[in-house]
1. Using the Cα centre of the range 120-218 as the reference point, and only Cβ charges (+1 on K/R, -1 on D/E), how large is the resulting charge dipole? Debye, rounded to the nearest 20.
2. What net charge do the residues around residue 111 carry, taking every other residue with its C-beta under 12 Å from that of residue 111, with Lys and Arg at +1 and Asp and Glu at -1?
3. Once every DSSP H run of n ≥ 4 in the chain is given -39500 (n - 2.57) and the sum is divided by its residues, what mean residue ellipticity at 222 nm do you get, rounded to the nearest 500 deg cm²/dmol?
4. In the chain, what % of DSSP beta bridges are antiparallel (nearest 5)?
5. If I take R0 = 45 Å and measure r between the Cβ atoms of residue 250 and residue 209 in this structure, what FRET efficiency does the formula 1/(1 + (r/R0)^6) give, to the nearest 0.05?
6. For the range 30-90: lysine pairs with Cα atoms under 25 Å, gap of 8 or more or different chains, count?
7. Send over a whole-number figure in Å² for the accessible area per residue of the range 216-275, probe 1.4 Å.
8. Evaluate E = 1/(1 + (r/R0)^6) for residue 229 and residue 307, where r is the Cβ-Cβ distance and R0 equals 35 Å; express this FRET efficiency to the nearest 0.05.
Amino acid sequence: FVSSKNCSIRIIGLIILLISLLIGVKIEVYAATYTDKFIISDVIDNIFYAKEKNGVVEYRKAKFKRRVDDNQIVYCIEPFVDMVENKSYTGYDYNYESLLKISNEDWERISLLSYYGYGYPGHEEDKWYPITQLLIWETIDKEANFYYTKTFKGQKVIKFKNEINELETLINNHYIKPSFDNKTFNVSIDSEIVLEDKNKVLDKYEVIDNELVKIQGNNLIIETGKKVQEVTINLKKKDNIYNVKPIIYISNTYQNVLSVGSYNEIKSNLNINIDAGSILINKLDYDNKSFIPQGEASLLGTTYELYNENNILVDKIIIDENGIGKLDNVKYGDYKLI
């Protein structure tokens, strides 16, 4: 800097990118086994199924299946195999694919169908149970043709097209992440950062153990504090419906069934590099461009006052014996030196 009364300067932070790495992880609880019994309960009015395979057509009336001890609904996972009531089943909350002899992709679909099906908010009507059940059967047995009939053993009818589309959309959107997923931001100290999720799924997440970060509607709000550091922010998709894992009940002689539970945990990791600017002044004589001025004057101890964009004094910078004045840990922004 040359010696002058007023200088305007600008400290600019790096353009920010914020990362939020969403990954699906297994629910961290111990595996367990269960022993339960089941019953066939209420008939669902005016809903009938048919299964056609290898030239053979079978028919069923839609009926709820429930666990005896808590009346929780369960789904059949062996299409059109009869359930025997009040027989003891052994249930498992692990090794689903291996026990059912299906692919991981098919298990993911079945578990999400059951999660978003009957009982999910807005899906409390009885019709959602058979809608979900039929889609599970279609996933299990791809060689069969499943459809609804007008009456028991009646004509094939197309039903629940809108409901099926809604359920498929929920499943397809299940793993959509916030729009700032997997991005990194370099930000200034002593600032508030607001990140808008353009994918509009942020309200389905919660912050893990970080008081400086909060979710407000569709925005992630971060207070950076006054310390230069790298911070990891953890989010996870919240489940307000189930706090247990799905259970599959396996039998060599009876219908295998599925009890609904939560999905595999989904996490988002947000990394923020919090940094600051600095000001370095090299004080020189105007005429000879040296720190040693002409005549008997001295530049040592020259004081500059730093004002922010609101004309508030932030700090002072004093020139030392080497003609240098320095100020570190300055928040990014517009300033004026006097």
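The values are calculated or read from the model by the stated rules, or taken from the named source; none is laboratory data. Just so it is clear, the model here is predicted, and its values are computed rather than measured. A quick note on method: Cβ atoms are made from the backbone with ideal geometry, for glycine too, and the neighbour counts reach across all protein chains shown. Note: accessible area is taken over every heavy atom of the protein model, side chains too, but ligands, DNA and RNA are not part of it. Shrake-Rupley method; radii C 1.70, N 1.55, O 1.52, S 1.80 Å.
1. Values: 13 positive and 18 negative charges, 159 e Å.
Value, rounded to 20: 760 debye.
2. Details: positive: 109, 245; negative: 93, 97, 105, 106, 108.
Residues near residue 111 contribute -3 overall.
3. Details: 4 runs with 43 residues, N = 338.
The helix-only estimate for the chain comes to -4000 deg cm²/dmol at 222 nm.
4. On the way: 77 of 83 bridges.
The answer is about 95 percent antiparallel.
5. Values: r = 38 Å, r/R0 = 0.85.
For residue 250 and residue 209, the calculated efficiency is 0.75.
6. Going through the range 30-90 pair by pair, I get 13.
7. On the way: 2700 Å² over 60 residues.
Here the residues of the range 216-275 average 45 Å² of exposed surface.
8. Details: r = 27 Å, r/R0 = 0.78.
For R0 = 35 Å, the calculated efficiency reads 0.80.
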